[in-house]
1. Which ones in the range 525-541 are modelled with pLDDT under 95 and either open to solvent by 10 Å² or more (accessible area, probe 1.4 Å) or within 15 Å of the chain's Cα centre (by Cα) (or both)?
2. Go through the range 152-186 and give me each residue that's closer than 26 Å to Phe392 by Cα, open to solvent by 10 Å² or more (accessible area, probe 1.4 Å) and in a helix (DSSP H, G or I).
3. Being touching a Gly at 6+ places or on another chain (Cβ under 9 Å) and closer than 26 Å to Leu444 by Cβ: is that true of Arg369 here?
4. Could you please give the count of residues in the range 431-453 that are over 21 Å from Leu363 (Cβ atoms) and of a type in the set (Gly, Ala, Ser)?
5. Residue by residue through the range 257-298, note down the ones that are basic (Lys, Arg) and surrounded by 16 or more Cβ atoms within 10 Å (Cβ to Cβ).
6. Is it true that some residue in the range 207-222 is over 28 Å from Gly56 (Cα atoms), within 30 Å of the chain's Cα centre (by Cα), of a type in the set (Lys, Arg) and not in a loop (DSSP other than H, G, I, E, B)?
7. Check the range 300-311 and report whether any residue there is among the basic types (Lys, Arg) and open to solvent by less than 40 Å² (accessible area, probe 1.4 Å).
8. May I ask you to verify whether Pro396 is surrounded by 18 or more Cβ atoms within 10 Å (Cβ to Cβ), in a loop (DSSP other than H, G, I, E, B) and not small (Gly, Ala, Ser)?
Amino acid sequence: MLTRRAAGAGIIAAALAGPLHAAAAEPADSADLAAFFADFTRKERARSPMGLTADGQAARMGEWDDPSDAARRRALGRRRSARAALERRFRPAELSAQDRLSLRLFAAETDLMTLEARHAARHFVWEHMDGPHATGPAFLMARHRVRNAADAQAYCDRLERMPAWLDAWRAVARRRAARGVMAHAASLDRTLAQARGVVKGAPFDDGPPSALMADVTAKFAAVSDAGERARLLARATTALKQEVGPAYARVIADIAGQLAQASPEPGVWRLPDGAAFYAERLAHHTTTRLTAAEIHDKGLREVARLRAEMASVARRTGFTGDVAAFFEVLRTRADLYYPATPEGRDAALADAKAYTAQMTAALPSAFGRLPRARVEVRRIEPFREATAGRAFYQRPPADGSGPGLVFVNLSDPTLVPKYQLEALFYHEGVPGHHLQIALADETLGLPEFRRRGGWTAYIEGWALYAERLAKELGGYRDAWAEAGQLALELRRAARLVVDTGIHDKRWSRQEAIDWIVANTPDSPSDAAQQIDRYGVMPGQATAYTIGLLEVVAMRTRAEARLADRFDLIAWHDALLALGALPLWAAVSLHEGASLLVALNSLRVLLTRDSGPPPASAPASAVVDRDEAGAAAAAPASAAAADAAPLARVPAAVPA
């Protein structure tokens, strides 16, 4: 068996074989290649009823996706067959630079899926970040639109079919649990609370309407005929009470059974072949060949640097103590937090919207191309709010029918401190996730798998860079807001340390919590929530700072190389022109003189754009659970040298 480093080196060599850069010619095969990608994506999308609904399409609206292991194996088989067909039909030397890049990215993603499949049985089913017990109801509430009686009937169909979908997930979970693959106890405890929250309230009990019942009632108001509306409401109520309720009773029993035998420790080292699984996850999310030890050391250096910067900011607030004492001020000073009252939560939501509006107005000073899709701020649904992360982003529907969504958790005022709120929304909204992801969605000259897919380190690295960039655009007008930006960057740097700590160095949950509290302004409860997230999403949290460091390095090199010719607007447009990329491709494309070719590629791509994107792409990507040319004259960066093209964007992006 190949070692991880050897396997990664092979993938990199294949990905980088031949130049990425060439003149912007459009060979005849370009149209054939575009048609191939479009046909493959269309057929795959048709197999996903939930993806179709998320994209605003009416087809298969009453169905759920197949979660079985067999379905995943079939999908991988189709993907590998498509890659083989591409290699038979198209010769890279006869394609444009962009088409060659698309071929390499499709191959790299296929390699990713193949490597990921080797460890599929090590992923948890019941966990509090992305478990189907919560994502199912959230999908219905956020994505199943009701515009007429047919949509309402499809909603009822989905409710009636939800037990079979949940039972299919239960079967997967049981097989994995039999091999010891279960989330750690604290995650399962949060998961249990979420599942119970779904069936709390009418019609499941005598309380006020449950979240699902409230959603049904509000959406079915779109049915114009009163008699038909009453009939459909009665059908949905019956389905909830007689079908969904008993299904959740089974799910709750399964989760409770896992909790009774779960380990208290979050590290995946305790799983069968856990070390190999973690190595694959690191490569997947960072798109590098960095080892856990290298990432850990990088995190320690970044934390030390950011603590020094925080000391400087502290002095500008008038504080005269050391950094540890300043962290305690940030944790405990009452006016740095919103009150835990309805008025306090309303104020936080209003401030988030105001920051988003202010930054949207400032974007033209740094970007020549802006997304058509707007961004909207919403509160996380009540049934999962108490156990969810602080915020996350959900991309717009592919048909352009709705906004990008930033969800914020207002259940606990310590989760989203007032002094951090500004930076958090620059990360999740603009100029962060929404700007980058919506622009990619709207670049119709790219194949759909590039517009709608993604690479974690690039997406999260961009969003973390956006937090810094906001200061250049007029954000953070006092030292406390700057402390908030540094606190969030410090949180992401600390992830390199604690993620590798729990999964590679076998730190206990409490050791990791204590390390965060000692080295960041985060509270013990916030630190516990972070560690529980990292335990069920191994490696994902390391992508943020790894990506940030490379984005910053690319800009620094471009500024040094171009000197007075450097144009920030042009550089941003070039960096965002080609969709999310693995770091090895981003570095190669955007070094030095390749900036001009990337800009030319942007112009070529934009000439193909007309109107909103077609409704055939998946709207599943959620970014952040925190809260997604000419040959270069200069040598490749460390990231390019270490790169391995491995990453995928989840349906929602946490902060």
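1. Matches in the range 525-541: Ser525, Gln529.
2. Correct list: Trp165, Trp169, Ala185, Ala186.
3. Taking the combined requirement at face value, the residue does not satisfy it.
4. 2
5. Arg281, Arg289, Lys298
6. No: zero hits.
7. no
8. yes
The values are calculated or read from the model by the stated rules, or taken from the named source; none is laboratory data. It should be emphasised that the depicted structure is a prediction, and the values quoted were computed from it without experimental measurement. Glycine also receives a Cβ, built like all others from the backbone with ideal geometry; neighbour counts cover every protein chain displayed. Side chains included, ligands, DNA and RNA excluded: accessible areas come from the protein's heavy atoms. Shrake-Rupley method; radii C 1.70, N 1.55, O 1.52, S 1.80 Å.
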